Amino acid sequence: MRKYETMFILKSNLEEEKRNELINKFKSIIETDGQITSVDEWGNRKLAYEINKMNDGYYVLINFMAGADLPKELDRNFKISDDVIRHLIVNLEAK
């Protein structure tokens with residue numbers, strides 16, 4: 001298993017229930033074949049630049065351990081979710 005870190009930004013105007021539902025969805029995808037080491041919700045913050053006429057976003061950082069195929073599945077789910085503004089998955093053990 002490798003160590004990964006993912007950060008994703010959700011739309012800031014989401015209701016708390018919908019936001020928690022999305023975060024739990026992504027956490028459950030990770031937990032199917034991996035292990036979450038930490039989840040850090042940064043909350044609403046101003047974006048560095050405007051994205052799709054939005055200036056704010058809800059930031060979430062998740063550190064996890066998983067096999068090589070899990071980040072591809074997670075990336076696919078980030079891309080098909082309309083409420084995710086941006087996402088990034090980083091392999092922390094890459095040389």
Within straight cross-link reach of residue 72, meaning Cα distance under 27 Å, which lysines are found once same-chain residues fewer than 8 apart are removed?
-> 3, 11, 18, 25, 27, 95
Quick one: what are the phi-derived ³J(HN,Hα) couplings along segment 18-24, Karplus 6.51/-1.76/1.60 with θ = phi - 60°, whole Hz, x for glycine and proline?
-> 5, 4, 5, 5, 5, 4, 5
Taking a spot 7 Å from the Cα of residue 73 along the direction of its beta carbon, which residues of segment 1-28 have an amide N less than 14 Å from it?
-> 25-28
Could you work out how far apart the two model spin labels at residue 40 and residue 7 are, taking each label as a point 7 Å from the Cα in the direction of the beta carbon, and quote it in nm?
-> 0.9 nm
Interchain or sequence-distant (5+) residues whose placed amide H lies within less than 5 Å of the amide H of residue 85 are 9, 10, 11
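What is the extension gain from residue 32 to residue 90, computed as 0.36 nm multiplied by their sequence separation minus the C-alpha to C-alpha distance, in nm to one decimal?
Length gained between residue 32 and residue 90: 19.0 nm.
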The chain, helix-only ellipticity at 222 nm - DSSP H runs n ≥ 4, -39,500 (n - 2.57), divided by all residues, nearest 500 = -10000 deg cm²/dmol
Would you mind ranking 37, 32, 6 by Cβ crowding within 10 Å, fewest neighbours first?
-> 32, 37, 6
³J(HN,Hα) across segment 36-43 via Karplus (A = 6.51, B = -1.76, C = 1.60, θ = phi - 60°), whole Hz, x for Gly/Pro?
-> 7, 9, 7, 10, 10, 8, 7, x
Which net charge results for the neighbourhood of residue 90, defined as the other residues with beta-carbon distances under 12 angstrom from its beta-carbon, given Lys and Arg at +1 and Asp and Glu at -1?
-> -1
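Only the coordinates and a few stated rules stand behind these numbers; no lab work does. Everything numeric here is computed off the predicted structure, so don't read it as measured data. Every residue, glycine as well, gets a Cβ built from its backbone with ideal geometry; the counts of neighbours run over all protein chains shown.
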